[in-house]
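Colleague: Can you read through this structure? Questions will come right after.
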Amino acid sequence: NMGFINDLVLKVIYFQGNITAHQIAEATKLPFLGVLDKVLEFLKLEEYVDIIGAQGGFSERSFQYVVATKGRLKVNEVLERSQYAGPAPVTLDAYVDMVRRQAMGELVVNGQKVREAFSNLVVSERMLDKIGPAANSARSLFLYGPPGNGKTTIAEGIANMLGGNIIIPYAIEVDGQVIKLYDPLNHRIVAEPEPAPAIVPDRPFGGTTPQPSTPAQPDRRWLICKRPQVVVGGELILEQLELIFDPIAKVYEAPYQLKSNGGLFLIDDFGRQKCRPQDLLNRWIVPLEKKVDYLALQTGKKLEVPFDVLIVFSTNLSPKDLVDDAFLRRIRHKIEVGNPSPDEFREIFKIVCRVKQIPYSDDGLRYLIQEHYLKVRRDLRACHPRDLIDQLIDIARFTRTQPTMSRELLAAACKSYFVEA
């Protein structure tokens with residue numbers, strides 16, 4: 001409503017100290033004609049702001065505004081409610097409608113798309129045949145198996161496979177409260193709508209504004225972003241799955257699952273969080289079943305928001321020690337990511353050597369497997385080729401020798417990489 005926008009613009013002027021109308025439009029992402037011109041006119045009439053000149057022209061957009069003496073009293077009152085002074089938020093209803101219009105359930109992934117997404121990785125056909133249906137479900141996935149076999153890489157590959165862009169707002173407004181949604185760490189901007197050029201010129205100071213005849217401008221409160229890929233690990237706590245209220249700024253930060261809407265939410269190292277796995281799982285039972293989540297404001301008001309997320313639990317612990325049958329029933333797909341076969345291990349080594357520009361040697365790999373895996377009964381892991389070659393390069397650089405898959409360098413790499421029982 002206009003009262004909210006009046007307060008927002010007043011805070012923007014207050015925090016900047018001296019700002020033009022054009023800069024206010026950039027800060028709030030609101031159009032000048034029809035919105036900001038009315039807001040600034042109201043603030044001037046109420047003697048909350050003053051015009052102290054113009055910058056770069058004589059149109060209304062170039063007028064410079066400062067907070068007047070009367071406006072400082074008003075600002076103090078407004079800041080007691082919220083210190084948010086960024087892009088104007090959208091309503092919760094508008095956000096919910098947008099999420100439903102670009103629901104992940106509409107995506108269709110075929111075998112060719114799966115193979116293209118994982119073409120740079122060594123993944124068995126059996127595994128690819130499991131990944132495809134899991135991605136198409138766009139609901140939930142449980143990845144389990146020994147560490148170092150690419151569970152996180154598979155989850156990220158699924159997110160890249162979904163592809164495409166979504167539209168998200170900078171922030172959401174509920175009953176005058178602001179929830180910040182856009183997160184530069186988890187949202188990659190593809191495009192930001194540009195303001196449409198105004199056909200109708202600005203009126204000179206004191207003149208009248210003709211009625212604009214331009215088509216509707218793009219709503220710059222929204223951003224076009226890549227489908228989000230939110231990854232959390234052992235640092236996750238239950239409080240981060242609820243609205244996070246900043247008592248100083250009096251602004252809410254959206255929880256991870258809300259930021260993930262339209263994309264993937266990976267809980268890596270599941271079972272190693274500070275909270276009990278059972279508590280974390282109980283938090284997800286309703287969203288996984290109903291595709292909606294419930295959040296609460298400080299006022300006690302409950303919000304029903306969409307849960308349009310492909311949520312992935314990745315763990316190297318035994319699933320039976322973490323979850324019960326009731327929860328596993330709600331997880332659509334369970335995929336075990338096992339150890340690579342000797343042939344797959346060899347292919348991974350070849351790829352790593354090619355990327356690291358190290359000559360590959362079958363004799364070197366045969367020695368490695370025989371002496372450092374079979375004899376000591378060590379399992380093959382998908383991460384070992386990359387890690388061992390990195391160790392080998394470090395040792396060769398230190399000894400000023402050419403990095404090759406020689407027995408001496410491989411033995412030294414294994415000695416510094418593996419922990420002997």
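The values are calculated or read from the model by the stated rules, or taken from the named source; none is laboratory data. Values in this document were obtained by computation on a predicted structure and should not be read as measured data. Virtual Cβ from ideal backbone geometry, glycine too; neighbours counted across all protein chains shown. For the accessible areas, the whole protein counts, side chains as well, though only heavy atoms, and no ligand, DNA or RNA atoms are used. Shrake-Rupley method; radii C 1.70, N 1.55, O 1.52, S 1.80 Å.
Colleague: Projecting each Cα onto the charge dipole of the chain (Lys/Arg +1, Asp/Glu -1 at the beta carbon, about the Cα centre), which of 136, 9, 417 comes out farthest on the positive side?
Modeller: So the residue we want is 417.
Colleague: On a straight-distance basis, which lysines could pair with residue 290 in a cross-link, Cα separation under 29 angstrom, same-chain partners fewer than 8 positions away excluded?
Modeller: 113, 130, 151, 180, 226, 259, 274, 301, 302, 320, 334
Colleague: Here is a follow-up. Please report the relative contact order for the chain, taking Cα pairs under 8 Å with a sequence separation of at least 6, and give it as a percent rounded to a whole number.
Modeller: 16
Colleague: Under 28 Å from the Cα of residue 44, which lysines turn up, not counting those fewer than eight places away in the same chain?
Modeller: Once the sequence-local lysines are set aside, what remains near residue 44 is 11, 29, 70, 74, 250.
Colleague: Any chance you could run the full-extension gain for residue 362 through residue 347? It's 0.36 nm times the residue separation minus the Cα-Cα distance, nm to one decimal.
Modeller: Between residue 362 and residue 347, full extension yields an extra 4.3 nm.
Colleague: Going by alpha carbons, how many degrees (0 to 90, nearest 10) lie between the helix axis of 384-399 and the longest principal axis of the chain?
Modeller: With both axes taken from Cα atoms, the answer is about 80 degrees.
Colleague: Run the dipole for the stretch 88-128 about the Cα centre, Lys and Arg Cβ at +1, Asp and Glu Cβ at -1, nothing else charged, and hand back the magnitude in debye, nearest 20.
Modeller: Numbers: 5 positive and 5 negative charges, 32 e Å.
About 160 debye.
Colleague: Keeping every protein chain present and rolling a 1.4 Å probe, give me the accessible area per residue for the chain in Å².
Modeller: 51
Colleague: Still on this structure: Would you work out the charge dipole size for the stretch 342-417 about its Cα centre, treating the Cβ of every Lys and Arg as +1 and the Cβ of every Asp and Glu as -1, and quote it to the nearest 20 debye?
Modeller: I would put it at about 140 debye.
Colleague: When you take every Cα atom in the stretch 342-417, what is the radius of gyration, and what is Dmax, the widest Cα pair distance, in Å?
Modeller: When restricted to Cα atoms, the stretch 342-417 yields Rg and Dmax of 11.3, 32 Å.
Colleague: What's the center-to-center distance, using Cα atoms, between the stretch 121-170 and the stretch 324-342 in Å?
Modeller: Cα centroid of the stretch 121-170 versus Cα centroid of the stretch 324-342: 13 Å apart.
Colleague: When the helices in the chain are scored as -39500 (n - 2.57) per DSSP H run of 4 or longer and the sum is shared across all residues, what 222 nm value do you end up with, to the nearest 500 deg cm²/dmol?
Modeller: -11500 deg cm²/dmol
Colleague: So, one more: Can you give me the distance in nm between label points at residue 398 and residue 153, each placed 7 Å from the Cα along the Cα-to-Cβ direction?
Modeller: Going by the 7 Å Cα→Cβ label model, 2.5 nm.
Colleague: Which ³J(HN,Hα) values, rounded to whole Hz and listed in residue order, are derived for the stretch 368-373 from phi using the Karplus coefficients 6.51, -1.76 and 1.60 in 6.51 cos²θ - 1.76 cosθ + 1.60 with θ = phi - 60°, glycine and proline given as x?
Modeller: Result, rounded to whole Hz: 4, 5, 5, 7, 10, 10.
Colleague: May I pose another question? Note down the magnitude of the dipole of the chain about its Cα centre, charges +1 on Lys and Arg C-beta and -1 on Asp and Glu C-beta and zero elsewhere, to the nearest 20 debye.
Modeller: My answer is approximately 860 debye.
Colleague: Name the residue from 120, 273, 262 whose Cα lies farthest towards the positive end of the charge dipole of the chain, charges +1 on Cβ of Lys and Arg and -1 on Cβ of Asp and Glu.
Modeller: 120
Colleague: Given the options 338, 313, 296, identify the residue whose Cα lies farthest towards the positive end of the charge dipole of the stretch 251-353 (+1 on Cβ of Lys, Arg; -1 on Cβ of Asp, Glu).
Modeller: The one lying farthest along the dipole's positive direction is 296.
Colleague: I've got another one for you. Quantify, in whole percent, the carbon and sulfur part of the accessible surface of the chain (1.4 Å probe; protein heavy atoms only). Display every interim value, and only then the final one.
Modeller: Values: 10900 of 21390 Å².
Summing carbon and sulfur atoms, their accessible area is 51 percent of the total for the chain.
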